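Laboratory data are not the source of any read-out in this text; all were calculated from the coordinates shown. Since the structure is predicted, the reported quantities are computational estimates derived from the model, not experimental observations. Methodologically, a virtual Cβ is constructed for each residue, glycine included, from the backbone with ideal geometry; neighbour enumeration extends over all protein chains shown.
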Amino acid sequence: MRIWMRIWAIATNTLREAIRNKLLYTLLFFSVAVIGTAVLIASLSYVEGARIIQDLGLSAIRLFGVGIAVFVGIGLIHGEVERRTVYTILSKPVSRTHFLLGKFLGLALTVWLQLVLMSIAFAGVVLLSGGTLGFGHAAALFLVGMELMLIVAVATLFSAFTTPMLAALFTLGVYALGHLSRELYHLGQQADVASVTWVATWVYRLVPDLETFNKTIEAAHGMPISAVEVGLSTLYAVGYTTALLFAASYIFRHRDMK
Amino acid sequence: MTRSTRDIICVEDVVKDFRPGFGLRRKRVLHGVSFVVREGEIFGFVGPNGAGKTTMLKVLMDLIRPTSGRASILGSDVSETEFRHQVGFLPENPYFYPFLTAREILTFYAKLSGMAEPTRSQRVAGVIEWVGLEHAADARLKTYSKGMLQRVGIAQSLVHDPIVVFLDEPMSGLDPLGRKEIRDIILRLKAEGKTVFMNTHILTDVEMICDRVAIIVEGQIRYQGTVENFLEDDDMRSDVVLSHLPADLGVRLDEDFDARIQGVGDRIEIHLRDKDVSRLLEMALAEGAEVVSVTQRRISLESIFLETVAKSREGSSNR
């Protein structure tokens, strides 16, 4: 019970710190602005205005969500070590793993909070432009949240042992690879060189397949998204996130706080 | 008052190596450091900048892991976590989240220490009063002066009512008034029966408040004991000036006495313990040297400390 109180104290403090970060508001402002301008762009098209609004809106939410997850997330642990606030925290009966979990949870809460705000803006724009919303939109937005949670875990892992700049580069690299790994895998299977096939297969196995969480087209086109698919993607995200946090915890437990 | 001699902190042969870069070369920062801190005392861990004081303190706080050796606090290995509700720590130049108030940050640390309501709020209010911050308890920390932040730092180290408190350079960067306030707080901690471990290089503070000291130079303990003993053993010194020395007398004096000898030609100045002066004079006069002057002086902890550091550095450069 006390352990949860400690983790929760760190998480709420992290959330409080994140929502005082000006970068968060800047990204949030631009995401809402882009969602809003989708109406303008849709008005330029003669056909499928509602689909364009939804397509652009959901893509903006995914893009800015990742921006917030990466740029707010990467500095959180490094900042605590640099400013030496981690010294006083770890001098209390708080293990390094609990500290890391608290930081992750705080950032995950921040990401979900901004996702809810962007989703409200998205729903407002869609409804005001005469469109309709259904389970598909809720499922797509929920899976964006799961993807962001996984990206937060990746940022936490890199932030546990490297500088914010490198952590940002690595995390964005994993994000890009994660969306391309499925394509790479298929290309690798068709390659004539065995080593290319081998590399493409291992990239696909090691890097999370982030396309699993991309249901933008299905939601925007009103195509069905099954609850089973959502459930399996959620399990995939939770499993991957847990593995990443285990790795981050192992690294963080063994590093010196110089 | 009977005084317990229970050991609160035990450090045994701690070695710490760092790798400065990506290479395989290692730099040894602590060379087998051992010391003991007893219950209820104010222990000064003294050394020049870069001597390894903060590294040792980080080992005790489990912020860095020793390469070899063992350190324990209250009988628990420092790598354990749960015993830390009995330990308080103030790092050097502490930084706190500027968007929080003193009450909020202390509540945060109380939660980390596992304190539940209503004890938590009572203890936070009590410790705010204890460090004299009632007037600013609900102001954001970004509006605080350095002295006030130092008091917040001390308050966070005490909010969970620990048995032992670690302070890293607690007087660093403070004006004389601020230093006195912190000294008074440390003495109050001792009066309440807490054990205080203090890293410092400000020797006047050590002389004023510490019961025992360990002097660390270049990662090695050079002295460990009470401040009184340190001063009693060495507090009277003499400067002897000799002239017309036979050629090899300077070398022989250097070999026979624990002294610092400076000078050129046949005139030398010798700094040595007062108790050795008569033996030195006897030897010098027998060899036909002329005594120019003998000046006796009582020296401060600072002088002895500087001498210890100089000797250690001389020794290590000769090795």
Item to complete: Work out the FRET efficiency for residue A:138 and residue A:41 from their Cβ-Cβ distance, taking R0 = 25 Å, and round it to the nearest 0.05.
Response: 0.55
Practice prompt. Would you mind pulling out the separation of the Cα centroids of the stretch B:241-275 and the stretch A:200-243, in Å?
Written response: 83
Worksheet item: What would the Debye formula give as log10 I(q)/I(0) at q = 0.06 Å⁻¹ for the alpha-carbon point model of the protein assembly as shown, no solvent?
Response: -0.46
Fill in: GNM top mover of B:52, B:75, B:44 - chain B, alpha-carbon springs below 10 Å
B:75
Item to complete: For the stretch B:62-70, take each phi angle, set θ = phi - 60°, evaluate the Karplus expression 6.51 cos²θ - 1.76 cosθ + 1.60, and give the result in whole Hz per residue in order, putting x for glycine and proline.
Response: 6, 7, 10, 9, x, 5, 8, x, 9
Response to the item:
Inter-chain shielding metric for A:19-26, i.e. average beta-carbon neighbours from other chains within 10 angstrom, reads 1
Worksheet item: If you stretched the chain out fully between residue B:256 and residue B:229, how much longer would it get, using 0.36 nm times the residue separation minus the C-alpha to C-alpha distance?
Response: 7.3 nm
Worksheet item: So for the pair residue A:202, residue B:79, with labels modelled 7 Å out along Cα→Cβ, what separation do we get in nm?
Response: 3.2
Response to the item:
In nm, the gap between the two label points placed 7 Å beyond Cα toward Cβ at residue B:292 and residue B:95 is 5.4
Response to the item:
Checked the stretch A:135-258 against the a/c 1.5 cut and the a/b vs b/c comparison, axes a ≥ b ≥ c from its Cα gyration tensor; verdict oblate
Discussion item. Past the 13 angstrom mark, what percentage of all C-alpha to C-alpha distances in the stretch B:233-296 do you count?
Written reply: 56
Worksheet item: Of B:27/B:146; A:103/A:258; A:103/B:190, which sit over 29 Å apart, Cα to Cα?
Response: B:27/B:146; A:103/B:190
Worksheet item: Hey, fewest Cβ within 10 Å first, where do A:198, B:130, A:112 land in order?
Response: A:198, A:112, B:130
Worksheet item: Under a 5 Å amide H to amide H cut-off, with H placed in plane at 1.01 Å, what residues pair with residue B:69 once short-range neighbours are removed?
Response: B:15
Worksheet item: Rounded to the nearest 500 deg cm²/dmol, what is the calculated helix-only ellipticity per residue at 222 nm for chain B, with -39500 (n - 2.57) per DSSP H run of length n ≥ 4?
Response: -10500 deg cm²/dmol
Response to the item:
For chain A, the helices passing both cut-offs (Cα extent along own axis of 20 Å or more, Kyte-Doolittle mean at least -1.0, full DSSP H runs) are A:2-18, A:22-43, A:49-82, A:96-128, A:135-159, A:164-190, A:227-254
Worksheet item: Average partner chain C-beta neighbours within 10 Å, per residue of B:55-67?
Response: 3
Item to complete: Rank these for me by crowding, A:150, B:187, B:133, going from fewest to most other beta carbons within 10 Å.
Response: B:187, B:133, A:150
Response to the item:
Answer check: chain B, Cα atoms, Kirkwood Rh, Rg/Rh ratio of 1.08
Response to the item:
About its Cα centre, the protein assembly as shown carries a charge dipole, from +1 on Lys and Arg Cβ atoms and -1 on Asp and Glu Cβ atoms, whose size in debye to the nearest 20 is 1580
Discussion item. Give me, ordered by chain and number, the residues 5 or more places off residue B:30 or on other chains with an amide H under 5 Å from its own placed amide H.
Written reply: B:16
Worksheet item: Among the DSSP beta bridges whose two residues both lie in chain B, what percent are antiparallel, rounded to the nearest 5?
Response: 70
Item to complete: Within 10 Å, count the other beta carbons around each residue, average over each peptide in B:11-17, A:72-78, B:272-278, and list them highest first.
Response: A:72-78, B:11-17, B:272-278
Fill in: Share of alpha-carbon pairs per 5 Å distance bin for the stretch A:43-182, given as whole %
2, 10, 17, 18, 15, 13, 10, 7, 5, 3, 1, 1, 0
Worksheet entry | Added length on full extension, which subtracts the Cα-Cα distance from 0.36 nm per residue, residue B:27 to residue B:239 | 72.5 nm
Worksheet, complete the sentence: Rounded to the nearest 5, the percent of DSSP beta bridges in the protein assembly as shown running antiparallel is 70
Worksheet entry | the stretch A:1-85: trypsin sites (Lys or Arg not before Pro) in DSSP loop, at most 14 other beta carbons within 10 Å | A:20, A:83
Worksheet item: Could you give the nm distance between label points at residue A:4 and residue B:311, where each point is 7 Å from its Cα heading toward the beta carbon?
Response: 6.0
Worksheet item: Taking the Cα centre of chain B as the origin, how large is its charge dipole in debye, to the nearest 20, when only Lys and Arg (+1) and Asp and Glu (-1) carry charge on their Cβ atoms?
Response: 1400
Practice prompt. Would you calculate a helix-derived [θ] at 222 nm for chain A, using -39,500 (n - 2.57) for each DSSP H run of n ≥ 4 and dividing by the full residue count, to the nearest 500?
Written response: -28000 deg cm²/dmol
Worksheet item: residue A:33 to residue A:113: FRET efficiency via 1/(1 + (r/R0)^6), r the Cβ-Cβ distance, R0 25 Å, to the nearest 0.05?
Response: 0.85
Worksheet entry | Paramagnetic label zone (point 7 Å from Cα along Cα-to-C-beta, residue A:26; backbone N under 20 Å) in the stretch A:130-172 | A:164-172
Fill in: Rounded to the nearest 20 debye, dipole of the stretch B:233-296 from Cβ charges on Lys, Arg, Asp, Glu
140
Worksheet item: So how far, in whole Å, is the C-alpha centre of the stretch A:34-93 from the one of the stretch A:15-29?
Response: 10
Practice prompt. Place +1 on the Cβ of every Lys and Arg and -1 on the Cβ of every Asp and Glu in the stretch A:2-253, take the dipole about the Cα centre, and give the residue among A:37, A:201, A:3 whose Cα lies farthest towards its positive end.
Written response: A:3
Worksheet item: Out of A:140, A:53, A:78, whose Cα points farthest toward the positive end of the dipole of chain A (charges: +1 Lys, Arg; -1 Asp, Glu; placed on Cβ)?
Response: A:78
Worksheet item: What's log10 of I(q)/I(0) for the stretch A:2-253 at q = 0.16 Å⁻¹, Debye sum over Cα points only, no solvent?
Response: -1.17
Item to complete: Pop the C-beta distance of residue A:63 and residue B:67 into the FRET formula with R0 = 56 Å and round what comes out to the nearest 0.05.
Response: 0.75
